C-alpha cells in the first residue's frame, strides 16, 4: 500500500504508481469527500497535457511595410491613446 506524509502546509504527494495507474496528470481536478472516518479522493476532470507545437500558427502578426524595426513605444498602451508620451530610450 502506498503512503504519503502530510507537510506543515497541509500538502501531500500522491505516489507516482498511483498517479500513473489512474492517469492523474498536472492540472487534474480532484475533490476530497469526508465520509466520517474515511477521506475519499474523487477525480472530477483529467487534463491532457498539451503540445505547444500544436498551437503554432494560431497567432498572426501584421508586418509593417516600412521595414523599420518595432520599438517598445509601439506596444505602449498610453502612447496609443495619445494621452501619454513614451519614455525616451
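Using the alpha-carbon positions of the stretch 1-74, Rg (one decimal) and Dmax (whole number) come out as 22.6, 71 Å.
Inter-label distance, residue 50 to residue 2: 2.6 nm, where each label sits 7 Å from its Cα along the C-beta direction.
Read-outs throughout are calculated quantities, based only on the coordinates presented, and are distinct from any laboratory measurement. Source: prediction; values computed, not measured. Neighbour counts run over all protein chains shown; Cβ positions are idealised from the backbone, glycine included.
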